[in-house]
Amino acid sequence: MKRNRMSHKALKAEIVEIKDEAEDIKSFFVRPDEELEFLPGQFFMLSICGVGEAPFSVASAPHEGLLRFTIRKSGKVTSALHRLRAGELLGIRGPYGNGFPLDPGGTAVIIGGGIGMAPVRSLLFHLLKKGDFDLWAFNGARSPRHILYADELLGFKGRTKIVLTVDRADPGWKYEEGVITVSMEKYLPKIEKGTAYVCGPPVMFRHVVKTLLDKGFREENIYLSLEAHMKCAFGICGHCRIGDKFVCVDGPVFPYSEIKDYEEFLA
C-alpha cells in the first residue's frame, strides 16, 4: 500500500543501513511498514520511543527506494538516533511541507551548505534522473571532514557541473577553498533562464541570494529551504511560525520574493 498524502499517523520503520558521512553526521536508510511517496524538499517526523521526535528532510530521491535521512548529532533526539543500530525500529510520519518546484525552466543551480546539502541532494538526484537540464551543484562546508556526499557527487561530474568548496582546506584537499559564494562568483556564468535551489545555514542565505541576483536570477526563481523548530508539522503548535508563515505548512521551501522582508529568515 502506498501513501502519498500528508499523514499524522506514525508508522514503524526499520533502519536497514547506517553510513558515516562526515564528522558527527550519519545517513540512516530506513524502510517504513508502508511505501511512502514524497517530493524532494519535503520532510518527515522521526521519533524514538521514550525520547521524542524531530523533523528531517529526505536526502534520497523518490526513485532510490529506501528513505535516506542524513542527520547531524546536535541534540537529544539526534543523539539518540546516532546510538541506534541497523535492524532497530523508529517511528515515522509524513511527508510534510511543499517541496521544491521540479521544472527549473532552464538552468538548475543547486547550492547546499553543510547539513543543508541533504534536502538538495534529493532534488539533484531527481533532476539527474528525470530531465536533461543544464545543471550546476555547489556543495560547501566548513572543512573537508564536514563535507557531504563528495564521492557520490563527483561520480556525476560528466553529466553536471560539480563544485566542492570548504572554508578551511587541509593539505590533501584537491578542490576549492573559501566560502561558497567565492566559487559561485568564479564558476557560475550569467543565467538568462533558470531556477536556483538553496539550503544551508541562515547566515549563508543573504550572501548566496545576492550572488544569484548578480548572476541574473529573478527573485521569484530563487528557492530557499528553511530550517525552523517544528513540533507538530501541521501548523497548530506555532513553534515554527515566523511572521504570518508556518514553515511546516507554508514551506519549508519558499521563493525569495515571498520572504525577502522577513529578517527572521535571513540572518
Among Phe234, Phe217, which is the only one that is assigned to a loop (DSSP other than H, G, I, E, B), closer than 19 Å to Leu135 by Cα and aromatic (Phe, Trp, Tyr)?
Phe217
Looking at the structure I just gave you, is Leu89 touching a Lys or Arg at 6+ places or on another chain (Cβ under 7 Å) and surrounded by fewer than 17 Cβ atoms within 10 Å (Cβ to Cβ)?
yes
Is there any pair with a first residue in the range 249-262 that is among the β-branched types (Val, Ile, Thr) and a second that is in a helix (DSSP H, G or I) and buried (at least 19 other Cβ atoms within 10 Å of the Cβ) whose Cβ atoms are under 9 Å apart and which are 6 or more apart or on different chains, and what are they?
Val253/Pro119
Quick check: is even one residue across the range 117-136 buried (at least 24 other Cβ atoms within 10 Å of the Cβ), part of a strand (DSSP E or B), touching a strand residue (DSSP E or B) at 6+ places or on another chain (Cβ under 6 Å) and in contact (Cβ under 8 Å) with a residue 12 or more places away in the chain?
no
Return yes when Ile236 is in contact with an Asp or Glu (Cβ under 7 Å, 6 or more places away or on another chain) and modelled with pLDDT under 90 and no when it is not.
no
Say we look at the range 194-222 and pick out the residues that are within 18 Å of Thr165 (Cβ to Cβ) and aromatic (Phe, Trp, Tyr); which of these is surrounded by the most Cβ atoms within 10 Å (Cβ to Cβ)?
Tyr197
All but one of (1) in contact with an Asp or Glu (Cβ under 8 Å, 6 or more places away or on another chain); (2) assigned by TED's automatic domain parsing to the domain that holds Gly114; (3) aliphatic (A, V, I, L, M) hold for Ile242; state the number of the condition that does not hold.
(2)
Among the candidates Ala108, Ala169, which residue alone is over 20 Å from the mean Cα position of the chain (by Cα), at pLDDT 95 or above and over 16 Å from Ala59 (Cβ atoms)?
Ala169
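The values are calculated or read from the model by the stated rules, or taken from the named source; none is laboratory data. Source: prediction; values computed, not measured. Cβ coordinates were reconstructed from backbone atoms using ideal geometry, including for glycine residues, and neighbour counts include every protein chain displayed.
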